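Below: one structure, written as structure tokens.
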Amino acid sequence: MIPEELKYTEEHEWVLRTGDDTVRVGITDYAQEQLGEVVFVQLPELGEQVGAGQTLGEVESTKSVSDLYAPLAGEVVTRNDSLDQQPDLVNSDPYGEGWMVELRLDDPTAVDDLLDAAAYQELVAQG
């Protein structure tokens, strides 16, 4: 399941444009399947500045702890506080209620440089 309207990274994050200069970020269905049952999510604080490719937080599962990477540079403007109490939303609804953060982008055009659904599908198929 790879939604067409999203953009993707090689680290298995998805990006949804939510405004002219804002995006919502989460991990893909493929990523949550690889992780197994998510038991804890650590997210950055509001107002935190992140660089593209920089660690944004952690996702802990029954199998391992994985870093969450910022797909683009910007400022954290919203975080999904529901994940504090319900980290399993990442498993049950990775593209919906399981989203992680929203960023105000330093460069809104950078979204265009991310993978589209077809390119991400190819990456997963090779994996």
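Filtering THR109, THR55 for residues that are of a type outside the set (D, E, K, R) and within 13 Å of GLU11 (Cα to Cα) leaves a single hit, THR55. Suppose the filter is under 26 Å from ASP106 (Cα atoms), over 11 Å from the mean Cα position of the chain (by Cα) and free of Cβ contacts under 8 Å to residues at least 12 places away in the same chain; does GLY19 pass it? Answer is yes for this residue.
Within the stretch 98-119, the set of residues being assigned to a helix (DSSP H, G or I) and more than 14 Å from the chain's Cα centre (by Cα) comprises PRO108, THR109, ALA110, ASP112, ASP113, ALA117, ALA118, ALA119. Of the residues GLU4, GLU58, the single one that is touching a residue at least 12 places away in the same chain (Cβ under 8 Å) and out of contact with any strand residue (DSSP E or B) (no Cβ under 7 Å at 6 or more places or on another chain) is GLU4. Selection within the stretch 62-110: residues that are of a type in the set (Val, Ile, Thr) and in contact with a Pro (Cβ under 9 Å, 6 or more places away or on another chain). The member of this set that is farthest from GLU48 (Cα to Cα) is VAL101.
Coordinate-derived values only; no laboratory data. Since we're looking at a predicted model, the values are computed, not measured. FYI the Cβ positions are ideal-geometry reconstructions off the backbone, even for glycines, and counts take in every protein chain you see.
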